[in-house]
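Only one structure is covered here, and it is reproduced in the block below.
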Amino acid sequence: MTLTPARDAAARVPAPVPARSPSPGLLRRAACEFGLTALMLLAVVSGVRWLFAPDGYGGGGMAFALLGAGVGVLLGALMLSAPGRWSGGHLNPAVTVALWRLGVFPGREVAPYVVAQLGGSVAGTWSAGLLWGPVVARPPVSHAVVRPGPGWGEGAVVAAEAGVLAGSALLLAGLLAHSVGRRLLPYAVGLVTALVIAVLGPLSGGSANPARQFGPALLSGDAGRLWVYVAGPVLGAVAGAGLCRRAGVGLCRGLGAGLTPPPVRPRQP
């Protein structure tokens, strides 16, 4: 998800750039987001293939718990990796939006990150199809597209997805405001992701990440509910960040300083 601030690249730029320009290294950081998201989707689709296909584990509630545990561990590892530390390890457009609304990520870099994450989703899902063959495209795998359980309408899914991201935005704010919290962030994100998949997977689908659904929905041809799994997390991210900023408590006060690369300005003579 960034859960860690992107590495400050400004110090390595020999000449100053205009303050309104994207920070140096944006292309490299976006490429990291693309690759990390692709790896995440490759692992997710592979997990669904072996946990839910008839020739694998066979599905069931325990399959969601196993999938959640695996994805949670992987997500924490990706955030702690060198590319994850360089880009901030967002891997989730809603997280990028939340960090922007919290004031710790530049608004002008949101679009490049989101495009990279969605592109990585498609690439990772497609790679899983190449790796495992036609079984990935057939039910019940269907490229690991997320579907709600019985009785879950679109409004309920949007509310569940929004609630998860609103809580995640508050968690991000609390952890990023303290140095100890920033060190614990990858582990906290992995744990939350594992719980969301295990608990909400059989109910609302437990996506909580537009990139998680984007590639599978496009490649499976089941994009009818894609808007639900995009709108819910994004609305929740905005709402959670807005609640944090309105509260004006210690949770959010320290976020503006030192967590993102400052704009590079011409040096004063």
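The values are calculated or read from the model by the stated rules, or taken from the named source; none is laboratory data. These figures come from a predicted structure and were not determined experimentally. Positions of Cβ are generated from backbone atoms using ideal geometry, with glycine treated the same way; all protein chains shown enter the neighbour counts. Note: areas computed on protein heavy atoms with side chains; ligands, DNA, RNA excluded. Shrake-Rupley method; radii C 1.70, N 1.55, O 1.52, S 1.80 Å.
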Looking at the P(r) of the range 112-159, how many percent of alpha-carbon pairs lie beyond 11 Å?
-> 73
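Could you tell me the convex hull volume per residue, in Å³, taken over the Cα atoms of the range 37-100?
85
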Given the Cα atoms of the range 140-194, and with Rh set as the inverse mean 1/r over their pairs in the Kirkwood sense, what is Rg to Rh to two decimals?
-> 1.13
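To the nearest 0.05, what FRET efficiency results for Arg138 and Val199 with a Förster distance of 22 Å applied to their C-beta separation?
Working: r = 27 Å, r/R0 = 1.24.
Once the sixth-power term is evaluated, E becomes 0.20.
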Would you mind computing, in nm to one decimal, how far apart the modelled labels at Ala82 and Leu131 are, each placed 7 Å from Cα along Cα→Cβ?
-> 2.1
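Please say if the range 161-219 is rounded, prolate or oblate, where rounded means a/c under 1.5 for a ≥ b ≥ c the square roots of the C-alpha gyration tensor eigenvalues, and otherwise the choice is prolate for a/b larger than b/c and oblate otherwise?
Prolate shape, in that a/c is at least 1.5 and a/b is the bigger ratio.
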At a probe size of 1.4 Å, how large is the accessible area of Ser46, to the nearest 10 Å²?
-> 20
Based on the mean of other Cβ atoms within 10 Å per residue, sort peptides 128-138, 96-106 so the most packed one is first.
-> 96-106, 128-138
How big is the C-alpha Rg of the range 102-198 next to the rule-of-thumb value 2.2 N^0.38 Å, as a ratio?
-> 1.36
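Would you work out the Kirkwood radius for the range 42-184? I mean one over the mean of 1/r across all pairs of different Cα atoms, in Å.
By the Kirkwood definition, the hydrodynamic radius is 17.1 Å.
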With the full set of protein chains in place, find how many percent of the accessible area of the range 27-72 is carbon and sulfur; take the probe as 1.4 Å.
-> 76
Accessible surface, per residue, of the range 81-214 when the full set of protein chains is kept, probe 1.4 Å, Å² | 37
